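Notes to accompany the following structure.
The values are calculated or read from the model by the stated rules, or taken from the named source; none is laboratory data. Please read all numbers here as calculations on a predicted model, not as lab measurements. Note: ideal-geometry Cβ built from the backbone for every residue, glycine included; neighbour counts use all protein chains shown. All accessible areas refer to the heavy atoms of the entire protein, side chains included, with ligands and DNA or RNA removed. Shrake-Rupley method; radii C 1.70, N 1.55, O 1.52, S 1.80 Å.
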Amino acid sequence: MPDTLDAPAVRTWCRLSLAALGQAREEIDALNVYPVPDGDTGTNLYLTLECAAEEVDALFGGGAEAPSLPQVLKAMAHGALLGARGNSGVILAQLLRGIASEVGAGPADGPTLARALRRAADAGYEAVAQPVEGTVLTVAAAAAEAAEEVVAADPRTGAAAVAEAAYEAARAALVRTPLLLDVLARAGVVDAGGRGLVTVLGALADAVTGHTPMGPLALAGTRAAEPAPHGEHLAVEGGPAFEVVYLLDAEDAALPPLKQALGELGDSLVVVGGDGLWNVHVHVDDPGAAVEAGVGAGRPHRIRITHFATAAARATAASRPDADAPAESRGVVTVVHGEGLAGLCAESGATVLHADPDRAPSSTELAAAVRRAHAREVVLLLNDTELRAAAGAAAEQLRKEGVRVAVIPTRSAVQGLAALAVHEPARRFDEDVVAMTSAAGATRYAEIAVAEGESWTMAGVCQAGDVLGLIDGDVAVIGAETGGTAAVVLDRMLAAGGEMVTLILGEGADDAVADHLVAHVRRAHPVVDTVVYRGGQPASPLLIGVE
């Protein structure tokens, strides 16, 4: 692998960052005590990176020419700017913009990456009206300084060594943040935004080196004390009551008077962007005046105003059981592939999110589906192992809106159907969630797929066109045709016991396959019932569930 940063590596960086932030989201939320302890820094960073990753993926959507490195970095920064959430997300967008502004055509070598990291750190300080040490800015500066030092020692240093040096320096700087900011020291935590940036820089190092992801950070002093329960440590004495965020179409000349006006209204002012589009973030007591200042400078849009105390109360209320909630206030949202499956779930009363076979739903799409349920309590059935991080971010946002969301991480549509079958709105919410989770967990799942090429599997080497039988996500059988392979899979699953088999036929699957399997189960396992549905899922000719 060339020791440089190129366009595909940036796409990998986006994906690794999103996965790592998804894994660390709750931990980062719990560290959030500055500038406002509203417990959402991890969620905000995840949502910001999600928009950046989506814009980058769109460039690789099958066009005739592969995108260049500047195009991909610009898309990453632009996506982050449009989707930036909270103080931390806005600053991250500016850091990415700084990197994009420093990298020219062609893969970025070590010295170029070092200059980009320095530009990012400088841009971060420039964007914040009153920079504070012990925050994400400190971590960014430490990363840039380390990158410059390794290049100064050897100008031939490659991008991999620069990225790793920046990551290690950022980790060390993060541990020192409580020494620089009293509010962190009193809470016994490191800076949440800095923790998020370390995660993103770790993903950058992995993307450039080609190593497997570094995994969770082992940082001494990351959390010296357990955080207060979500929503119970939000009051900030003497601080502004509202967070105001909006995108602004405005000329560069309009920014200085806008910053002055907003600085007089409140604090935590961050303005990032360029080329006529800006993301404005500020904490104020008069949100109307903050928006009016934007109107005076240009055209504000995507305006979001959050009242900290109300958000805290809603989050606290949403996290507590409500035994008196009426039955009609509860809904179920399920993610499905295929019209047949969608119809089955809708008939059972669920709100359906149709998933694109080529792209997993984003947290924004999941949240929108939950809102469509128009319920105070919602059970979310994912039916896909890859959606946990996005679902967690969506649920966090919805809880602040007063919606109580329980995510059941079903891994297959057959588990989702099993959970939906025992859903009972008349039960208490917690009891209903437990019953649905138990039903899903008691359902083993399998899938029949067709190999696209030669590959090593747990069942041996498969060739293109082989029929694969996957049990609980692992290849267990390699066969020549669907019916025979599925029969072997069923026998293995039923060897451990079972009362009911569910068969879901995919798009274009032959009904004769189902007839063959029903006859096989009746003959070989006479006490087991079998039900068949035409799901229409495009990716798999057959899904199997055993309860």
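Answer with one residue from ALA105, LEU16, THR48: the one whose Cα lies farthest towards the positive end of the charge dipole of the range 11-142, charges on Cβ with Lys, Arg +1 and Asp, Glu -1.
ALA105
Calculate how steeply helix 136-153 sits against the longest principal axis of the alpha-carbon atoms of the chain, using the helix alpha-carbon long axis, and give the answer as 0 to 90 degrees to the nearest 10.
80
Find which of ILE478, GLN537, GLN260 sits farthest along the positive direction of the dipole of the chain, computed with +1 on the beta-carbon of Lys and Arg, -1 on that of Asp and Glu, about the Cα centre.
Value: GLN260.
For the range 529-536, what does the Karplus curve 6.51 cos²θ - 1.76 cosθ + 1.60, with θ = phi - 60°, yield as ³J(HN,Hα) per residue in whole Hz, taken in order and with x for Gly and Pro?
After applying 6.51 cos²θ - 1.76 cosθ + 1.60, I find 7, 10, 10, 10, 10, 9, x, x Hz.
Check which residues have an amide H placed less than 5 Å from LEU380's amide H, if you skip close sequence neighbours.
VAL333, ALA406, VAL407, ILE408
May I ask you to derive the relative contact order of the range 121-209, considering only C-alpha pairs under 8 Å and at least 6 residues apart, and to give it as an integer percent?
On the way: 110 pairs, mean separation 31.0, N = 89.
Dividing the mean separation by the residue count of the range 121-209 yields 35 percent.
Residues of the chain: accessible area per residue at 1.4 Å, in Å²?
Dividing the accessible area of the chain by its residue count gives 42 Å².
Under the classification rounded if a/c is under 1.5, otherwise prolate if a/b is larger than b/c and oblate if not, where does the range 19-167 fall, given a ≥ b ≥ c as square roots of the Cα gyration tensor eigenvalues? Could the numbers behind the result be given before it?
Values: a/c = 1.90, a/b = 1.16, b/c = 1.63.
Oblate is the answer for the range 19-167, as a/c is 1.5 or above yet b/c matches or exceeds a/b.
Please list the non-local residues whose amide H lies under 5 Å from the amide H of ASP191, H modeled 1.01 Å from N, same-chain partners needing a gap of 5 or more.
Here THR177 satisfy the definition.
Determine ³J(HN,Hα), in whole Hz, for all residues of the range 400-411 in sequence, where each value follows from phi through the Karplus function 6.51 cos²θ - 1.76 cosθ + 1.60 and θ = phi - 60°; x replaces Gly and Pro.
Working through the residues one at a time gives 6, 8, x, 9, 8, 10, 10, 9, 9, x, 4, 9 Hz.
Per-residue ellipticity at 222 nm for the chain, helices alone: DSSP H runs ≥ 4 residues times -39500 (n - 2.57), over residue total, nearest 500 deg cm²/dmol?
Theoretical 222 nm ellipticity from helices: -16000 deg cm²/dmol.
Percent relative contact order of the chain, based on C-alpha pairs within less than 8 angstrom and at least six residues apart?
11
Relative to a virtual label point 7 Å from the Cα of VAL532 in the Cα→beta-carbon direction, which members of the range 338-357 show backbone nitrogen distances below 17 Å?
340-341, by backbone N distance to the label point.
Under unit Cβ charges (Lys, Arg +1; Asp, Glu -1), what dipole magnitude, rounded to 20 debye, does the chain have relative to its Cα centre?
The dipole magnitude comes to about 520 debye.
With a 1.4 Å probe and all protein chains left in place, how much of the accessible area of the chain comes from carbon and sulfur atoms, in whole percent?
Values: 12090 of 23150 Å².
Percent of accessible area from carbon and sulfur atoms in the chain: 52.
Does the range 76-128 come out rounded, prolate or oblate by the C-alpha gyration tensor, with a ≥ b ≥ c the root eigenvalues, rounded set by a/c under 1.5 and, if not, prolate when a/b is larger than b/c and oblate if not?
oblate
Rounded, prolate or oblate: which fits the range 473-527, taking a ≥ b ≥ c as square roots of the Cα gyration tensor eigenvalues, rounded meaning a/c under 1.5, else prolate when a/b beats b/c? If you can, show how the numbers build up before the last one.
Details: a/c = 1.68, a/b = 1.18, b/c = 1.42.
Oblate, because a/c is 1.5 or more while a/b does not exceed b/c.
Convert each backbone phi in the range 192-197 into a coupling constant with the Karplus relation 6.51 cos²θ - 1.76 cosθ + 1.60 (shift: θ = phi - 60°), then list the ³J(HN,Hα) values in order as whole Hz, x for Gly and Pro.
5, x, x, 4, x, 5
Could you tell me the relative contact order of the range 1-47? Use alpha-carbon pairs under 8 Å, at least six residues apart, and round to a whole percent. Don't skip to the end; give the middle numbers.
Details: 29 pairs, mean separation 14.6, N = 47.
Here the relative contact order equals 31 percent.
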